[in-house]
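**Q** Before I ask anything, here is the structure I am working with.
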Amino acid sequence: MAWIIKGRAWVLGDDVSTDHIISGKYKFAKINRLEDMLPHVFEEVIPNFYKRVRPGDVIVAGKGFGYGSSREHAPRLLKLSGIGAVLAESFHRIFYRNAINIGLPVIVVREIPRVTKEGDVIEVDMEEGVVKNLTRGVEERFKPLPQQLLAVLREGGIVEYVAKMGRLPW
């Protein structure tokens, strides 16, 4: 079954930390619901991101995406804001695993971050392992995730997968 993610690119550089995504100052703020943090996503990097992002949009970044805190707030808020996938040259391990666990596709690519401009239309075929920048006519293959991880992502995360299937996928 085909699984295509398609949206506009939000282009970021190297070394985007979890504090860039959601400042640590909100960890101890009197905010009870995750949704109430949405106005603060990328607040110091992309002004009014939460108002401008659309479902399916894709983050395209350089090296070292997601360094910093091990809290799941960062990938959860990206997913909640509507981000369909994060493409980067490399990810920090904890962010990568947290993203998979909460159902946010994260993909390592090399060429796409170098050619993509803000607003380009990106298409990701999760099953075939192909990313296309439709605006620029550039295509890059990536190693598709193992079927077990794709199953977790399709269900929306590890908790949702276990709730539906009654077991872990491995």
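**Q** Restricting to DSSP loop positions (anything but H, G, I, E, B) with no more than 15 other Cβ atoms inside 10 Å of their own Cβ, which trypsin sites (Lys or Arg not before Pro) remain in segment 137-170? Can you show the working numbers first?
**A** Working: sites: Arg141, Arg154, Lys164, Arg167; in loops: Arg167.
Here the sparse-neighbourhood loop sites are Arg167.
**Q** So, one more: Of the candidates Lys25, Lys132, Lys63, which one comes out as most mobile in a Gaussian network treatment of the chain with C-alpha springs shorter than 10 Å?
**A** Of the options given, Lys25 has the highest mean-square fluctuation.
**Q** Of the residues Val124, Val138, Val58, which exhibits the maximal mean-square fluctuation in a Gaussian network model of the chain defined by a 10 Å Cα contact cut-off?
**A** Val138
Every read-out reported here was derived from the displayed coordinates using simple, explicitly stated rules and does not represent laboratory data. All figures in this text were calculated on a predicted structure; none of them were measured in a lab. FYI the Cβ positions are ideal-geometry reconstructions off the backbone, even for glycines, and counts take in every protein chain you see.
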